[in-house]
Number of protein chains: 2
Amino acid sequence: MYSFCMCVVSVVTFAQQALWGGQDIISPEIHPDHTVTFRLLAPKAIKVQVIGDFLPTQPTETPYGTFDLPGVAELTEGEGGLWSYTTPEPLASELYSYSFIVDGLKINDPNNVYQIRDVASVTNVFIIGGGRADLYQVSDVPHGTVARRWYNSPTLGKNRRLTIYTPPGYETSGKSYPVFYLLHGMGGDEEAWIALGRTAQILDNLIAQGKAKPMIVVMTNGNVYQQAAPGEAAAGMYKPTMQLPNTMEGSMEESFLDVVKFIDANYRTVKKKSGRAIAGLSMGGFHSLHISKQYPDLFDYVGLFSAAIMPGEEVQSPIYDHMEQKLKTQFDKKPKLYWIAIGKTDFLYQANVDYRKLLDEKGYPYTYYENEDGHIWKNWRIYLTEFVPMLFK
Amino acid sequence: MYSFCMCVVSVVTFAQQALWGGQDIISPEIHPDHTVTFRLLAPKAIKVQVIGDFLPTQPTETPYGTFDLPGVAELTEGEGGLWSYTTPEPLASELYSYSFIVDGLKINDPNNVYQIRDVASVTNVFIIGGGRADLYQVSDVPHGTVARRWYNSPTLGKNRRLTIYTPPGYETSGKSYPVFYLLHGMGGDEEAWIALGRTAQILDNLIAQGKAKPMIVVMTNGNVYQQAAPGEAAAGMYKPTMQLPNTMEGSMEESFLDVVKFIDANYRTVKKKSGRAIAGLSMGGFHSLHISKQYPDLFDYVGLFSAAIMPGEEVQSPIYDHMEQKLKTQFDKKPKLYWIAIGKTDFLYQANVDYRKLLDEKGYPYTYYENEDGHIWKNWRIYLTEFVPMLFK
């Protein structure tokens, strides 16, 4: 009767290319030996570079000290303005981020739709398997459910958004599950751990391998001035920025009971200390430290990932008063795991040395994990994969 | 004791800028009068353009016919290589997509983190309020929950992913809710409606305004060869492409009962015809047409949004057999709403004229909605905002 013919495919494909400048090339191409080729069609460009954390870092002098900035490699121009670069060596298993720099302008790879936002930057990503990063891939295993849900915080006087992972089988098992509260760092939000942290993939994989107990993971928004991640609240699509002064003055910690009450009221949870864990990266490690000592009966498992340790002395909040006394109370109650992890080149390394010295002096037991590199997502994903198998056992 | 001083902010902000080439400018800037300024810092560029659907389209001759391609405007270079363009007129209320073209290379706006993928293209977006697009914004109203969840499809022999919107209050009300199945088009997946379609925002807003009944919205993946959207299944992070031949041969329709059974078994639903709606755009309209006639007792509300109407005659499936007889059965059972919507310049316009002629000849009642423009997301968002208020009343 009426014909919906194959020519529609051609038309739509053509339109797609024509409308949006699509390029019919593959980038990045991950070869079987785990070398990677990056490609960009840019006939008018004079210089094309790739910048990313798969390249050796370059120690660079800055007004704030010496930083290991990501390395840069030059692409070579080939026929028809097709630039390319292939890594000289296979890459280790990891989730990598990169961008192109075309004549000085940083751009995303138009042939790679996989991008993740980190604060105000959006970069392309790719994953090399065959090692730990297999945990970051979506595997053919049972998958948990990831929900974005809103709750009311009476303490902060606003409705707020969080991201919740419920494990495979949660909806139908009728069982109660332990809860792991997982907190982001400065500039992050309730999207950080699920995106750059690959939390859902890591949990799915560790649970499928029998290495982690099925658990609920609650990823909150630690910025008290926000209702939700940028673009996800009535504040609209503004440009994200770092806003430390609003987020480390006690109100995040004071409002955290609102989250725990909401979760316990709305999910089948193990409603006791042995069924709750809390961990966070950087500012989220700071929050985890203070929340766990402020409410010493709530969490049996505490993780400080590259944690910021103390507020500035100018910060006044009852949360930060009587630190030593509260720590004593917390450790008198013998948490099952107090885990501190940091990379050797982290700018917070010394602060963590000092904090461990305090714990050592008091005889408070903790487990310490130290590895290479600094204040980067690569480490936070590693810490998550190390921490989760120790929970609720 | 240990000081976590404010200098950390400076350092991290600096690192942020240095590492990833952040630009400290605002783009796009939406002015109070709804003109918009686009900016790009590109000192070495010779020519910078912006391409987007906020500009008047340009009728363009192509091998496939004349297409209305998006307009292009030139940015002007200012001090320090800061290029800018301000729209000469205020923009109408809408969600717009755009990219920059720098010396012929299409790039994303590095100062705008809001991007949406459409098949293989990622473009920046912004919203102009003050009209219908207020429905596309996150408002200060109660928010539903959006979950990505996996289900088993025995018909297709695989686990598959879907996106589910449950309305505000669903979790605690104890009530049963009607279900609206909302299907994407070619190249789309279970992320299409929630991202470009702004389904969660539209439902939140229409429900808060009392214009729509609280309902569950189920957004499936209509590509039977996929378990999930690109990057969300074990197939990994491949480059998305159009794959029509796999998705309009009957198996999507045959497997749809798996979805309905899963939803009815796992959610508090109104488990009858008057509690179910189905609609889709383009290929999803085609699927909605065939699913609703194949299972004439399932759906009281059917929406065809810019629908592809018929399979090619070479396609063999029992789904497409006995079309007229099945339509007769469907309409004998008097669906409460059979809604057909299309834009005047849609390349499927004539196919829809022909299909309506068939319905008219048989005396089958339907409601018709015709507007400007063609086969674009602007229209599909409009159709969603028009269709939803008519459901379940």
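The values are calculated or read from the model by the stated rules, or taken from the named source; none is laboratory data. Note that the coordinates shown come from a computational prediction; the quantities given were computed from them, not determined experimentally. Using ideal geometry, Cβ is built from the backbone for each residue, glycine included, and neighbour counts are taken over all protein chains shown. When the accessible area is computed, the model is the full protein with side chains, heavy atoms only, and any ligands, DNA or RNA have been set aside. Shrake-Rupley method; radii C 1.70, N 1.55, O 1.52, S 1.80 Å.
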Within the range A:113-137, how many residues are basic (Lys, Arg) and surrounded by fewer than 21 Cβ atoms within 10 Å (Cβ to Cβ)? 1
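Within the range B:206-221, work out how many residues are small (Gly, Ala, Ser) and either modelled with pLDDT under 95 or within 18 Å of B:Tyr301 (Cα to Cα) (or both).
Counting residues in the range B:206-221 that are small (Gly, Ala, Ser) and either modelled with pLDDT under 95 or within 18 Å of B:Tyr301 (Cα to Cα) (or both) gives 1.
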Residues located in the range B:321-345, provided they are among the acidic types (Asp, Glu) and at pLDDT 95 or above: B:Asp332
For the range A:307-320, state whether one or more residues are at pLDDT 95 or above, crowded, with 23+ Cβ neighbours inside 10 Å and either within 20 Å of A:Met219 (Cα to Cα) or more than 16 Å from the chain's Cα centre (by Cα) (or both). yes
How many residues does the range B:272-294 hold that are in contact with a Ser or Thr (Cβ under 6 Å, 6 or more places away or on another chain) and of a type in the set (Val, Ile, Thr)? 1
Going by what's in this entry, would A:Phe347 be described as assigned to a loop (DSSP other than H, G, I, E, B), open to solvent by 50 Å² or more (accessible area, probe 1.4 Å) and either on the phi > 0 side of the Ramachandran plot or within 14 Å of another protein chain (Cβ to nearest Cβ) (or both)? yes
Residue match in the range A:76-93 (condition: of a type in the set (D, E, K, R) and in contact with a helix residue (DSSP H, G or I) (Cβ under 6 Å, 6 or more places away or on another chain)): no
Please tell me if B:Gln49 is within 23 Å of A:Pro110 (Cα to Cα), more than 10 Å from every other protein chain (Cβ to nearest Cβ) and polar (S, T, N, Q). yes
Scan the range A:80-96 for residues that are among the β-branched types (Val, Ile, Thr) and open to solvent by less than 40 Å² (accessible area, probe 1.4 Å) and jot them down. A:Thr87
Set B:Val259, B:Val270, B:Val224: member being at pLDDT 95 or above and either among the small types (Gly, Ala, Ser) or within 21 Å of B:Met186 (Cα to Cα) (or both): B:Val259
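Among the listed residues A:Ala308, A:Ala235, identify the single one that is within 13 Å of another protein chain (Cβ to nearest Cβ), in contact with a helix residue (DSSP H, G or I) (Cβ under 7 Å, 6 or more places away or on another chain), small (Gly, Ala, Ser) and assigned to a loop (DSSP other than H, G, I, E, B).
Criteria check complete, one pass: A:Ala308.
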For the range A:145-174, what are the residues that are in a strand (DSSP E or B), among the polar types (S, T, N, Q), within 11 Å of chain B (Cβ to nearest Cβ) and over 19 Å from the mean Cα position of the chain (by Cα)? A:Asn152, A:Asn159
A:Ile107 versus (1) in contact (Cβ under 8 Å) with a residue 12 or more places away in the chain; (2) under 15 Å from B:Asn108 (Cβ atoms): which is the lone unmet condition? (1)
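Yes/no per residue for (1) outside any helix (DSSP H, G or I); (2) open to solvent by 10 Å² or more (accessible area, probe 1.4 Å):
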| residue | (1), (2) |
| --- | --- |
| B:Asn223 | yes, no |
| B:Ala228 | yes, no |
| B:Lys239 | yes, yes |
| B:Met248 | yes, yes |
| B:Val260 | no, no |
| B:Lys271 | yes, yes |
| B:Ser274 | no, yes |
| B:His287 | no, no |
A:Asp140 vs (1) surrounded by fewer than 21 Cβ atoms within 10 Å (Cβ to Cβ); (2) touching a residue at least 40 places away in the same chain (Cβ under 8 Å); (3) among the charged types (D, E, K, R): all pass except (2)
Tally of residues being within 11 Å of chain A (Cβ to nearest Cβ), of a type in the set (A, V, I, L, M, F, W, C) and outside any strand (DSSP E or B) across the range B:116-138: 3
With the structure loaded, tell me whether A:Asp103 is facing another protein chain (nearest Cβ under 7 Å), farther than 26 Å from A:Val50 by Cα and open to solvent by 30 Å² or more (accessible area, probe 1.4 Å) or whether it fails that test. no
Is one or more of the residues making up the range A:361-384 open to solvent by less than 70 Å² (accessible area, probe 1.4 Å), hydrophobic (A, V, I, L, M, F, W, C) and part of a strand (DSSP E or B)? no
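Each row is one residue, and each column tells you yes or no for (1) of a type in the set (Ser, Thr, Tyr); (2) more than 9 Å from every other protein chain (Cβ to nearest Cβ); (3) surrounded by fewer than 16 Cβ atoms within 10 Å (Cβ to Cβ).
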{"position": "A:Leu40", "(1), (2), (3)": "no, no, no"}
{"position": "A:Gly78", "(1), (2), (3)": "no, yes, yes"}
{"position": "A:Tyr98", "(1), (2), (3)": "yes, yes, no"}
{"position": "A:Asn111", "(1), (2), (3)": "no, no, no"}
Close pairs (6 angstrom Cβ cut-off, 6 or more residues apart or separate chains): open to solvent by 90 Å² or more (accessible area, probe 1.4 Å) in the range A:42-53, part of a strand (DSSP E or B) anywhere: none
Specify the residue that is nearest to B:Trp380 (Cα to Cα); the eligible residues are those in the range B:148-199 that are of a type in the set (A, V, I, L, M, F, W, C) and open to solvent by 10 Å² or more (accessible area, probe 1.4 Å). B:Leu196
Of all residues in the range A:92-114, count the ones that are modelled with pLDDT under 95 and under 16 Å from the mean Cα position of the chain (by Cα). 0
